[in-house]
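Scroll down for the structure; my scribbles are underneath it.
The values are calculated or read from the model by the stated rules, or taken from the named source; none is laboratory data. The model shown is predicted, which means the values in this text are computed figures rather than measured ones. Positions of Cβ are generated from backbone atoms using ideal geometry, with glycine treated the same way; all protein chains shown enter the neighbour counts. Ligands, DNA and RNA are excluded from the accessible area calculation, which covers all protein heavy atoms including side chains. Shrake-Rupley method; radii C 1.70, N 1.55, O 1.52, S 1.80 Å.
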Amino acid sequence: MTENPLNPLKAPVAAEAARADSRPVKTPGALAGAAPGPASSVDKAVIRLEGLHKTYHLGETEVFALRGVSLEIFAGEFVAVMGSSGSGKSTLMNILGCLDKPTRGHYFLEDVEVSGYSKAQLAGLRNRKIGFVFQQFNLLSRTSALENVELPTVYAGLPVEEREKRARESLALVGLADRAEHHPSQLSGGQQQRVAIARALVNRPSIVLADEPTGNLDSRTSVEIMDIFQKLNTDHGITVVLVTHEQDIAQYAKRIMEFRDGRMRRDVAVTGRLFASEVLPTLPTLEEENKEDNVQASPNLGNRS
Amino acid sequence: MGFANTLRLALRALARNKMRSLLTMLGIIIGVGAVIATVSIGSGAEYLIQQGIQSMGTNAVFISSGSSRPGGLRMGSWAVKTLTMDDMNAVLREVPLIKEAAPMVVRRSQVVYQNANWSTTIQGTTPNYFPIRTWAANSGATFGDQEVDSAANVAVLGSTVAQYLFAGEDPVGKTIRIGTLPFQVIGVLESKGQSVMGTDQDDVIFAPYTTVQRKIAGITWIQFINASAVSPEASVAAVAQVRSLLRERHRVRPGEDEDFTVRTQSDVADLASATQRLMTMLLGSVASVSLLVGGIGIMNIMLVSVTERTREIGLRMAVGATEASVKNQFLIEAVTLSMAGGLIGIVAGVAGSAAISSLLAWPTLISAKSILAAAAFAAGVGVFFGYYPALKAAQLDPIEALRYE
Ligand SMILES: Nc1ncnc2c1ncn2[C@@H]1O[C@H](COP(=O)(O)OP(=O)(O)OP(=O)(O)O)[C@@H](O)[C@H]1O
Ligand SMILES: [Mg+2]
């Protein structure tokens, strides 16, 4: 991403405010969307961390991946987590996503302390409350997009008809209704990531977590993905937390948290927020660029067998 | 996740690697097939034995020289010289429950007629042996008391011997050589076919016991007494009386081992059945080793599969699969493999024993019990050998699994 295609349209603050106001608010009284950044304590936090530590033990040495992180994220927020490599972003996301447990500290998910949850309980939370999107898409190859999206509903114990209905709705939401029967190998990288987002949405979670979702995508496709996240956030009131290395991508969020050495160093509201729906028309399409999609092939599951 | 889902998932995973699945199942297929075939052949043999007992009547009593320990091991009856004609006559005289008795002296020998040559057993006995066994001459006649008294060189041929030595010619009146002695053939017996033990009963030559004792074997004792009780019900009591009489005559002290053995026909048959069953079990357990090997094959493939699908497992966990559901998924996959192998094995085993039964004219009995046992064993193998790989899959850490290359 050398040239910045976003320059011509630094979204005006007025536009942002207008949108924020029209956004349906999920939690009554939560104004997080309208006033991003550290919010007042009367609001109800969907995610609250208190003095969170994560220490990895590698033989003799200890790696302090997170060293006392305290933060609150409110319903309807759109947070970009930034920071240099090794700063603890993925560690944080894994804990937020209930894939991992903190070494010390408290994690309140919708006001419920989950640090002490059992593995089975955490699996239930991952299934119902949280949608996770990975950099590597992690789709099951040799399985159609529809079945990939259905996967979480299987573990939710939904009846078969309901599963397919939800999966189709989810795919429609990311604009892939017509690709339901395609296999991952028949889809572009951007489309694969959209299938992965549809999968994250299928059990109707209140939170979507994404660890570098655009890390494997070219700039235009990245904006398309951000468009989807913004729509989920605005139209469906889903709280979005995503990790990115790129400032331009972070500009689509409402709030940026910057990490360094396992600590949050900066927590600011986005000024000059970008809106993908406005940026996209200004970007050259593939045909116009007249060059190949530079999507990097990503390893999908089960390719080796 | 429901059972139907898990099963569908397992079937699909197995269908994805058809060749590999088939090869993995092979051990189970062979094991189950072999167990079913051997058991059915063994049951067929036992059925033959039981049928044989019924046709022979149950009032027969066998006395043989040499002891038989409770374990059923017969101590060299050839070497023990204790049974005599006097014993037999005493039994006939003093045990009223014994109706008839015939002695038996047995030797193997080479038999020659012109340039035909045959090795068979020469059995020396008395004329009443033939009615006891309801065995009559087809042509010519059996010998009488006079030939016994004079130890005459006369022979009555079993039909197999007659066929091999004479090849269609009428043997009656011809002279054969047994060992070095010339014998005149005076009769040929009707065919009796196979015995319950599977030996050819017609591969035999009968001669007066005196002739065999003195001229062929050079002994003064006898080896067996074929007696018959007055009725089937009396045979057990007859055995007891014969035993106490012979203990007394042979001066066996209380607590000492007997130097003879007395059995009823059904004792003999039971022994034969037990031997047959032991044989079947032995063969069956050899065959079931293959099941074990098959199980190890399944474990191996499941371990490979878990490794290959590490990222898939990680993803499933990330979207809400619990350890239990991951474990069940792999366990059901392993059991599906072993059960599918078991089913194919059952078909193979049934087909195999049908083929054996039609090719060798040997009855085979396929019992529902052995099929159920084989299926249960196959499932058990799947659970046992699938458990460890399934556990390994369930214990993966989702983050590490997702990062696995
Ligand atoms: N499983 C682990 N065992 C040991 N150390 C680990 C493990 N996972 C992460 N770490 C260490 O923890 C620190 C934070 O890692 P983390 O993956 O959270 O960084 P990150 O901010 O996501 O980096 P990147 O931008 O490169 O993805 C790093 O020093 C890393 O080496
Ligand atoms: Mg990371």
> Extent of chain B along each principal axis, from alpha carbon coordinates, in Å, largest to smallest?
Replying inline: 100, 55, 32
> Which aspartates and glutamates have a Cα less than 14 Å from the Cα of A:Lys54, not counting those fewer than 8 places away in the same chain?
Replying inline: A:Glu62, A:Asp100, A:Asp261
> Considering only protein heavy atoms, what per residue accessible area in square angstrom results for segment B:108-185 with a 1.4 angstrom probe?
Replying inline: 47 Å²
> So, in Å, what gap is there between the alpha-carbon centers of segment A:175-243 and segment B:242-263?
Replying inline: 96 Å
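Find how much the distance from A:His236 to A:Ser84 grows on full extension, using 0.36 nm per residue of separation minus their present alpha carbon separation; answer in nm with one decimal.
Working: separation 152, 0.36 × 152 = 54.72 nm, distance 3.10 nm.
Full extension of this stretch gives 51.6 nm more.
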> If we restrict to alpha carbons, what Rg and Dmax does segment A:45-283 come to, in Å?
Replying inline: 17.5, 54
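Considering only segment B:142-220, what is the antiparallel percent among its DSSP beta bridges, to the nearest 5? Display every interim value, and only then the final one.
Values: 7 of 11 bridges.
Antiparallel bridges: around 65 percent, rounded to the nearest 5.
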> Carbon and sulfur: what percent of segment A:45-283's accessible surface (1.4 Å probe)?
Replying inline: 48 percent
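For segment A:45-283, with only Lys/Arg (+1) and Asp/Glu (-1) charged at the beta-carbon, what is the dipole magnitude about the Cα centre, in debye rounded to 20?
Details: 28 positive and 29 negative charges, 67 e Å.
Here the size comes out at about 320 debye.
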> B:Arg8 versus B:Asp170, label points 7 Å from Cα toward the beta carbon: distance in nm?
Replying inline: 8.3 nm
> In terms of Cα to Cα distance under 15 Å, which aspartates and glutamates are near enough to B:Lys215, apart from those fewer than 8 places away along the same chain?
Replying inline: B:Glu147, B:Asp149
> How about B:Lys192: which lysines have a C-alpha closer than 27 Å to its C-alpha, ignoring those fewer than 8 places off in the same chain?
Replying inline: B:Lys99, B:Lys174
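Extension gain B:Thr134-B:Arg93, at 0.36 nm per residue separation less the Cα-Cα distance, in nm? Walk me through the numbers before you get to the answer.
On the way: separation 41, 0.36 × 41 = 14.76 nm, distance 2.30 nm.
Taking B:Thr134 through B:Arg93 to full extension adds about 12.5 nm, to one decimal.
From the mean inverse distance of alpha carbon pairs (Kirkwood) and the Cα radius of gyration, derive Rg over Rh for segment B:83-258. Kindly include the intermediate steps, with their values, before the conclusion.
Numbers: Rg = 17.4 Å, Rh = 17.2 Å.
With Rg and the Kirkwood Rh in hand, the quotient comes to 1.01.
Per DSSP H run of at least 4 residues, take -39500 (n - 2.57); add these up for the protein assembly as shown, divide by its residues and hand me the 222 nm value, nearest 500 deg cm²/dmol. Numbers along the way, then the final one.
Numbers: 22 runs with 316 residues, N = 710.
Calculated from helices alone, the mean residue ellipticity at 222 nm is -14500 deg cm²/dmol.
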>> To check my understanding: the extent here is largest minus smallest coordinate of the Cα atoms along each principal axis. What are those three numbers for the protein assembly as shown, in Å, largest first?
In response: 138, 59, 46
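What pairs from A:Lys119/B:Lys327; A:Lys44/A:Lys254; A:Lys101/A:Lys254; A:Lys165/B:Lys327 go past 21 Å between their alpha carbons? Intermediate values should be presented prior to the final figure.
Working: A:Lys119/B:Lys327 14 Å; A:Lys44/A:Lys254 17 Å; A:Lys101/A:Lys254 27 Å; A:Lys165/B:Lys327 28 Å.
Checking Cα-Cα distances, A:Lys101/A:Lys254; A:Lys165/B:Lys327 exceed 21 Å.
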>> Given bins 10 angstrom wide, list per bin the percent of all Cα-Cα distances in segment B:287-405, short to long.
In response: 14, 35, 24, 15, 8, 4, 0
> Picking from B:Val289, B:Val188, B:Val319, which is most flexible by a Gaussian network model of chain B using Cα springs under 10 Å?
Replying inline: B:Val319
>> How large a share of the accessible area of chain B, in percent, is made up of carbon and sulfur atoms when the probe is 1.4 Å and the other protein chains stay in place?
In response: 61 percent
> Counting alpha carbon pairs within less than 8 Å and at least 6 residues apart, what relative contact order, in whole percent, applies to segment B:83-258?
Replying inline: 31 percent
> Normalised by the residues of chain B, what does the relative contact order come to in percent, with Cα pairs under 8 Å and at least six apart?
Replying inline: 30 percent
> Which one of B:Ala368, B:Ala234, A:Gly157 is farthest out on the positive end of the charge dipole of the protein assembly as shown, using unit charges on Cβ (Lys, Arg +1; Asp, Glu -1) and the Cα centre as origin?
Replying inline: B:Ala234
> Which whole-Hz ³J(HN,Hα) couplings does segment B:141-152 yield from phi under the Karplus relation 6.51 cos²θ - 1.76 cosθ + 1.60, θ = phi - 60°, glycine and proline marked x?
Replying inline: 8, 8, 7, x, 4, 4, 5, 5, 4, 8, 6, 6
> Under the Karplus relation 6.51 cos²θ - 1.76 cosθ + 1.60, θ = phi - 60°, what is the ordered set of whole-Hz ³J(HN,Hα) values for segment A:77-85, x standing for Gly and Pro?
Replying inline: 7, 10, 10, 9, 9, 10, x, 6, 4
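Please list B:Arg309, A:Arg168, A:Arg128 in order of solvent-accessible area, largest first, computed with a 1.4 Å probe with all protein chains present.
Accessible-area ranking of B:Arg309, A:Arg168, A:Arg128, largest first: A:Arg128, A:Arg168, B:Arg309.
Before we go on, tell me the buried accessible area for the A/B pair, both chains summed, 1.4 Å probe, in Å² to the nearest 100.
Numbers: alone 14200 and 20290 Å², together 32080 Å².
The A and B chains share an interface burying roughly 2400 Å².
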> Which residues, if any, in segment A:112-145 have at least 50 Å² less accessible area in the whole protein complex than in the isolated chain, probe 1.4 Å?
Replying inline: A:Arg126, A:Arg142
> What is the distance, in nm, between label points placed 7 Å from the Cα along the Cα-to-Cβ direction at B:Thr82 and at B:Gln50?
Replying inline: 3.6 nm
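Enumerate the helices in chain B for which the Kyte-Doolittle hydropathy averages 0.5 or more and the C-alpha atoms extend at least 15 Å along the helix's axis, using complete DSSP H runs. Before the final figure, lay out each step's value.
Details: long enough: B:3-16 (20 Å, 0.54); B:18-56 (55 Å, 1.02); B:234-249 (22 Å, 0.33); B:265-308 (64 Å, 1.05); B:323-359 (53 Å, 1.15); B:368-394 (37 Å, 1.22).
Long hydrophobic helices here: B:3-16, B:18-56, B:265-308, B:323-359, B:368-394.
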> Given labels modelled 7 Å from the Cα in the Cβ direction, how far is it in nm from B:Val236 to B:Thr180?
Replying inline: 5.2 nm
> Quick one: what does P(r) look like for segment B:333-387 with 10 Å bins over all Cα pairs, in whole %?
Replying inline: 26, 41, 23, 9, 0
> How big is the accessible area of B:Lys192 in square angstrom, nearest 10, if you roll a 1.4 angstrom probe over the protein chains?
Replying inline: 70 Å²
> Taking amide hydrogens as modeled 1.01 Å from N in the peptide plane, which residues meet the under 5 Å criterion relative to B:Ala102, leaving out close sequence neighbours?
Replying inline: B:Asn226, B:Ala227
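How high is the FRET efficiency between A:Arg265 and B:Gln395 when r is their beta carbon distance and R₀ equals 45 Å, given to the nearest 0.05? Don't skip to the answer; put the middle values down first.
Values: r = 37 Å, r/R0 = 0.81.
Rounded to the nearest 0.05, the efficiency is 0.75.
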> Do any trypsin sites (Lys or Arg not before Pro) in segment B:207-296 lie in a DSSP loop with no more than 10 other beta carbon atoms within 10 Å, and if so, which?
Replying inline: B:Arg251
>> If the elastic network links every pair of Cα atoms under 10 Å, which of B:Gly386, B:Gly173, B:Gly42 fluctuates the most in the Gaussian network model of chain B?
In response: B:Gly173
> How would B:Ser367, B:Ser109 rank on accessible area, largest to smallest, probe 1.4 Å?
Replying inline: B:Ser367, B:Ser109
>> Let me check something: with ligands and nucleic acids excluded, how do B:Met281, B:Met317 order by accessible area (1.4 Å probe), largest to smallest?
In response: B:Met281, B:Met317
